[in-house]
Each structure stands twice: as C-alpha cells, then as structure tokens.
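Notes to accompany the following structure.
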Amino acid sequence: MITINEAQTRIQKSIPPLRTETLPLGRSLGYILAEDIRAGVDLPTADNSAMDGFILRSRDTASASAVRPVRLRIRGAIKAGDRGPRLLAKGEAYRIMTGAFIPRGGDTVLIKENAVIEKGKLVIAAPLKPGSHIRRRGEELRKGSKILKMGGAIHPGIVGILASVGRDRIKVFTKPRVSVIATGSELVEPGRRLRRGQIYNSNAWMIWAALQSMGVTPVAVMTARDQLSVLKTAVKKALGKSDLVIIMGGVSVGDYDFVKDVLGGFGVRQIFWKVKQKPGKPLYFGKQGRALVFGLPGNPASVFTCFYEYVFGAIRQMSGFRRPYLRRENVMLQTPIRGDAKRSLLLKAKMSTRFRKRTIAPLGFQASHMISSLRDTDSFIVIPPGRKTVARGKKATADLLPYAVEVES
Ligand code: AMP
Ligand code: MG
C-alpha cells in the first residue's frame, strides 16, 4: 500500500498537458491566465483632476497676494466624461470635477474647499504651485507595459485591472470537464421518502457543491445502482465526455463493488488502489488517454476527505494553478492525538486562535460513515503512521480547506 505523499505524487505526474481557451472577461473569474497581459492604454489615460475644484494656470497666480489678489474668470464647468474645452486661456479658470480631463494650459487644481468666489470671479490671494491635485497620464502604467503574468489566478481585483486597461477577451487555461457518478442501490435523492434499506444520496450533492465552489459545473452527475450493466452505461457516458471522472462507492472489496472491473473493461489503467490512510483506504486512481478517474470509497467522510486531499488538487493542477493542493501548515494541537500504527490519520478539525496563536483541535464523530462534523471542519490534521501520541501543545501538520474563512465567520 502506498503513502498519501506517494499517491499525491502519482496523481501530479499523471496530469495531462494543459489546454487553453479565450474567454470573455465576464466569464474569466477563477481561471488562471495563460498569457502575459500588457496594458492596452496608458493609465491614467490622460491628465485629469484628482479633486473637485478649479483648474487654472499657475503662472496666472504668480503675482497674487492678500493685498492684490488675482481674479480669474470662471468660463464654465468640466465634469468627468466631458470632452471639455481644448484650451485654458490666460486669466481663465474652469470648475472641474474629479476624473475630468484637464484642458491644455491648465496645470493646477485649486480644491473647492479652498476656493473664494466674489462676483462670479475666482479670487486667488497667494501664488499656486503647478501640479497640485492632477493625476498624470501614464503615471501608473504605460501602454504596452506588462501588468499581469501568465499563471496568475484571476480574482476580483484582477478582473478590475483587466477591465481598466480595456481587455474583454482573456486567454486562460481550460478547466477540466468533470463527471460525477454515485454508486449504490441504496441511494435515494433528497426530497423523496425513504423505504427500508435506503439512504439519501449525500455524496453526489456534496461533491457537486465542492465542484461548484471551484467554478466547475460538472458535465454530468449520475447515480448508478450496483448492477454491472447500469454501472457500465454510466461509466461509458462519463468517459466519453470528461477529462476527470469521480466515481463514489463500489471500490472496496464487497460483493457488489464493481467499479474497478468496469473501469478495467473500458481500458482505464489503474495507477493505484489503496492508500495508507484513514479514512479512505480503498481510494482508486486510474487513467484512460487524457482522462483521469478517481474511485472514492463511498462513506461520506471518505468521499469528502479524498476529494479535498486528491481530487481538488488534481482539478486545480489541470486548471493551471501553480500550487494546486490544500495549503499545509504546522499548527499547535489543543488536545493530544493518538496515531494509528499503520495508516496516516486525516482528522476533520477546526482551527481557532488562542492568545494570538493559531491552534487546532480534532472534531467529534470522526468515523467514516459520519458526516455531521463537516459542519465545523475547516482543516484536516494529518498524523503519520506509527506515531504513538502527539502531545497537546505540540505542532501537527494541518491541511486547510479552501473555504476555512467561511467556516470561521
Ligand atoms: P461503498 O464504498 O459503496 O461500500 O459504500 C460505503 C458506505 O457509504 C455504505 O454505507 C454506503 O451506503 C455509503 N454510501 C455510498 N454512497 C453514498 C452516497 N452517495 N451518499 C451517502 N452514502 C453513501
Ligand atoms: Mg456501495
């Protein structure tokens, strides 16, 4: 049986070469840039006013004093978006609003709060220095300069930057098409009545949600009874239209665990089966052409844990993320933890802050068939095999869920 690290390494090495596509700006959020972005315009695009006030020529105020103030004629107003006058002539001023472009000749803005107006004239009682409250064309970036690098994730701030330089089509790495198959004759959709022997299909919904939160809408979510022909049909359909297939349940050693056989029948090559971990020991991973196939053991805690420890990273790596796996940190334990002799423990855990230090504690209901502890789970504590007890106050490895911040609030 292989270790968690070995399993993750084998997955990383199995990721096919990345593909790219060009998306409209409005659909680019959450993708990874597949090109360097250069500014299509200067920013700011022209000299403009940083404040509401008056634009004038500083030279006109050179002789101004309290005794002999200069009086400037106010010729009109320029607001943001106006083409505005071409030229600001000697002895003249315009009212100007924030963001309005500066007419030629104008070189300083007197802010509205400091302006004195008498009989319709702007009264200046001291010389004004040039350049006040003016944002210069190109002061932030020059047209043609590189502003974003290939490989960066498009987050809301990046969308803003792209829009500010006028980009509406962005080359990104394509996200994988993902199919989900829940297996089990016992499964019933939420909303229905349960008959004896049945349970609700929680896994499919949980994984659908996890995918959605990664910006991946699965191309198919199917449920297959534990019947060879039914499973075959579902797997065939999934393989035909996916870059990654997630099958849940049916990968263990039960009499009705057909998944591995069915996959083998479709030419899916097994890369590993079984990992030294708890939960999720019978995890399966295989490949057919470009397509990756994960078989997650069906217990809900196994599905959740295996998804975030393996599938999440695989999808993100396929989407072009440079650090695709969960963030790993060393965090101080609030309670002692007994290790397992043979397998790594992946314990559902919650972090908190005590005396300004981050600490972590395992939650209750850890058994793989239990799900309620996911309410507070924001991380996994990873305890390697063979560790007798890790004492309270010692640091342990923790893998942080991507939505840890939401759990906290
Ligand atoms: P399996 O891996 O198919 O042997 O399933 C292990 C356990 O997980 C069994 O108790 C199943 O009933 C349960 N299980 C399997 N699939 C699901 C699912 N989609 N939703 C909830 N529980 C499931
Ligand atoms: Mg089953």
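The values are calculated or read from the model by the stated rules, or taken from the named source; none is laboratory data. In this text the structure is predicted, and so the values were computed from the model without any measurement. Don't worry about glycine lacking a Cβ; one is built from the backbone with ideal geometry, like all the others, and counts go over all protein chains shown.
At a glance:
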| item | result |
| --- | --- |
| Some residue of segment 22-39 being outside any loop (DSSP other than H, G, I, E, B), modelled with pLDDT of 95 or more and under 23 Å from R136 (Cβ atoms) | yes |
| Identity of the residue in segment 149-185, touching a Gly at 6+ places or on another chain (Cβ under 6 Å) and over 30 Å from A46 (Cα atoms), that ends up farthest from ligand 2 (Cβ to nearest atom) | F173 |
| G160 touching a residue at least 60 places away in the same chain (Cβ under 8 Å), exposed (fewer than 14 other Cβ atoms within 10 Å of the Cβ) and more than 30 Å from G250 (Cβ to Cβ) | no |
| Conditions (1) part of a loop (DSSP other than H, G, I, E, B); (2) away from ligand 2 (no atom under 13 Å from the Cβ): number failed by Y256 | (2) |
| Candidates F304, F285 - the one that is in contact with a helix residue (DSSP H, G or I) (Cβ under 8 Å, 6 or more places away or on another chain) and under 17 Å from P402 (Cβ atoms) | F304 |
| Filter result (under 25 Å from L401 (Cβ atoms) and either more than 20 Å from the chain's Cα centre (by Cα) or among the acidic types (D, E) (or both)) within segment 207-233 | V219, V221 |
| Filtered residue count, segment 340-352, keeping only those that are in a loop (DSSP other than H, G, I, E, B) and crowded, with 17+ Cβ neighbours inside 10 Å | 1 |
| Cβ pairs under 8 Å, 6+ apart, first in segment 319-330 and surrounded by fewer than 17 Cβ atoms within 10 Å (Cβ to Cβ), second part of a loop (DSSP other than H, G, I, E, B) | R322/G151 |
| Selection from segment 92-120 of residues that are in contact (Cβ under 8 Å) with a residue 24 or more places away in the chain, of a type in the set (A, V, I, L, M) and surrounded by fewer than 20 Cβ atoms within 10 Å (Cβ to Cβ) | M97, I111, A115, I117 |
| Extreme residue, farthest from ligand 1 (Cβ to nearest atom), among residues of segment 166-200 that are surrounded by 19 or more Cβ atoms within 10 Å (Cβ to Cβ) and more than 18 Å from Y31 (Cα to Cα) | S179 |
| Residue tally, condition in a loop (DSSP other than H, G, I, E, B) and either away from ligand 1 (no atom under 14 Å from the Cβ) or assigned by TED's automatic domain parsing to the domain that holds A367 (or both), over segment 273-304 | 3 |
| Criterion: over 41 Å from the mean Cα position of the chain (by Cα), within 30 Å of D42 (Cα to Cα) and modelled with pLDDT of 95 or more - qualifying residue of T108, T98 | T108 |
| Matching residues, segment 234-272, being more than 29 Å from the chain's Cα centre (by Cα), within 16 Å of ligand 1 (Cβ to nearest atom) and surrounded by 17 or more Cβ atoms within 10 Å (Cβ to Cβ) | A234, V235, G250, V251, S252, D257, F258, V259, K260, V262, L263 |
| Residue check for L333: closer than 19 Å to I207 by Cβ, buried (at least 16 other Cβ atoms within 10 Å of the Cβ), modelled with pLDDT of 95 or more and of a type outside the set (D, E, K, R) | no |
| Wholly within segment 141-216, strands (runs of 3 or more DSSP E) carrying at least 2 residues that are of a type in the set (G, A, S) and out of contact with any Phe, Trp or Tyr (no Cβ under 6 Å at 6 or more places or on another chain) | 178-183 |
| Qualifying residue in segment 388-407 (condition: surrounded by 13 or more Cβ atoms within 10 Å (Cβ to Cβ) and assigned to a helix (DSSP H, G or I)) | yes |
